1. May I ask you to list the residues in region 157-174 that are surrounded by fewer than 15 Cβ atoms within 10 Å (Cβ to Cβ) and either under 17 Å from the mean Cα position of the chain (by Cα) or part of a strand (DSSP E or B) (or both)?
2. For region 77-89, does any single residue satisfy the condition of being more than 16 Å from T261 (Cα to Cα) and open to solvent by 10 Å² or more (accessible area, probe 1.4 Å)?
3. Counting just the residues of region 176-195 that are assigned to a strand (DSSP E or B) and out of contact with any Asp or Glu (no Cβ under 9 Å at 6 or more places or on another chain), which one comes out surrounded by the fewest Cβ atoms within 10 Å (Cβ to Cβ)?
4. How many residues are among the hydrophobic types (A, V, I, L, M, F, W, C) and at pLDDT below 85 when one looks only at region 115-154?
5. So if I check each of I101, I173, I167, which one is aliphatic (A, V, I, L, M) and within 26 Å of T75 (Cα to Cα)?
6. For region 90-146, what are the residues that are open to solvent by 30 Å² or more (accessible area, probe 1.4 Å), part of a loop (DSSP other than H, G, I, E, B) and of a type outside the set (S, T, N, Q)?
7. For region 39-76, which residues satisfy the criterion of being under 21 Å from E256 (Cβ atoms), part of a strand (DSSP E or B) and of a type outside the set (D, E, K, R)?
8. Is it fair to say K202 is at pLDDT below 95, loosely packed, with under 15 Cβ neighbours inside 10 Å, assigned to a strand (DSSP E or B) and touching a strand residue (DSSP E or B) at 6+ places or on another chain (Cβ under 9 Å)?
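The values are calculated or read from the model by the stated rules, or taken from the named source; none is laboratory data. None of the values given here were measured: they were computed from a predicted structure. Ideal geometry is used to build each Cβ from the backbone, glycine not excepted, and the neighbour counts take in all protein chains shown. Protein only, heavy atoms only, side chains kept; ligands, DNA and RNA dropped before computing areas. Shrake-Rupley method; radii C 1.70, N 1.55, O 1.52, S 1.80 Å.
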Amino acid sequence: MRTSTFFKMALVAIPLAFASCKSSKTVEAPKPLTQEQLKSQEILQRVSDNAQSGKFVTSKLRFQVQMGSQNLSLTGNLKMKRDDVIRLQLMAFGFVEAARIEFTKDYVLVMDRINKQYLRATYEQIDFLRTSGLNFFSLQALFWNELFQPGQEKLTQELLNKYAMNIGGDDVIISLAQDNMSYKWLANQSEGRIRMANILYKDRLHGTTQLNWDYSDFKQLGSKQFPTENGIVFTTANNKEVKINMTLNYIGSESEWETRTSISNKYKEVKLDDILRRLMAL
């Protein structure tokens, strides 16, 4: 897809007051919020407050990926440090590290350990991440089961007010639309727990690209619940699907580990397609 300037927040200047020689001019008081608006704010705050308060999430991992008729099943580890790194270590035969995927604020690193190949790219260089407005902090929110605003690092009260909401029973759909993008989350009112995230990109020339992330089997992590089953489906504009299932076991908050992967000079830099083709052949 072409590089675009979608998803960048436009700065809106709001005049608060004007100089005037007439002192009799008054400013209208803001209208009070309706009951529906107050309820929406309360639900959004509950969902936002449901985010993990800890700095680390670590877990054993069962990782399955399906691309067309090809299937790959590996074990491994997931290690995450908030606002710093997301790392997937994938093991072949249960004990040999076959691949490593590392997301930092500056780059994405994909390593083929068996064939000693790697790719390191910025978020702008990876088509879907670029066109969908996803940066490290958006991906972090997806992995951590949280709301996010594309292109933003933190979710402030001002940004929370930008979401729209549809309520049906205990279910609530939280949505945000920007240019050709649509972001939606399915949560419940009672617990503020996100059960699904959906990102949709519509391009008049190239078609529709979609990422759907389902969360289930929540288990205790610190004072909050964390999803241990993650079902991810990425659909390309030509209707090809990549399905990923991640099952977390023995989740915890281990902190004693190196947060950056160093690359040996024995590794060769290649394109992403080359690494994926090799890994799917395992």
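1. Initial filter on region 157-174 (surrounded by fewer than 15 Cβ atoms within 10 Å (Cβ to Cβ)): 157-158, 161-162, 164, 166-171.
A164, N166, I167, G168, D171, listed by residue number.
2. First, the residues of region 77-89 that are more than 16 Å from T261 (Cα to Cα): 82-83.
Now restrict to residues that are open to solvent by 10 Å² or more (accessible area, probe 1.4 Å): 82-83.
Yes, that holds for at least one residue.
3. So the first thing to find is which residues in region 176-195 are assigned to a strand (DSSP E or B), and the list is 176-178, 181-188, 194-195.
Now drop any that are not out of contact with any Asp or Glu (no Cβ under 9 Å at 6 or more places or on another chain), which leaves 176-178, 181-185.
Working: L176: 17, A177: 12, Q178: 17, M181: 18, S182: 16, Y183: 23, K184: 18, W185: 23.
Within region 176-195, the match that is surrounded by the fewest Cβ atoms within 10 Å (Cβ to Cβ) is A177.
4. In the first step, residues of region 115-154 are kept if they are among the hydrophobic types (A, V, I, L, M, F, W, C); the result is 119, 121, 126, 128-129, 134, 136-137, 139, 141-144, 147-148.
Then drop every residue that is not at pLDDT below 85, which leaves 126, 128-129, 134.
Final tally of qualifying residues: 4.
5. Values: I173 fails: within 26 Å of T75 (Cα to Cα); I167 fails: within 26 Å of T75 (Cα to Cα).
It is I101.
6. Passing the criteria: F93, G94, F95, K105, D106, Y107, R113, I114, K116, I126.
7. F56, V57, T58, S59, L61, G76
8. On the way: at pLDDT below 95: yes; loosely packed, with under 15 Cβ neighbours inside 10 Å: yes; assigned to a strand (DSSP E or B): yes; touching a strand residue (DSSP E or B) at 6+ places or on another chain (Cβ under 9 Å): yes.
Taking the combined requirement at face value, the residue satisfies it.
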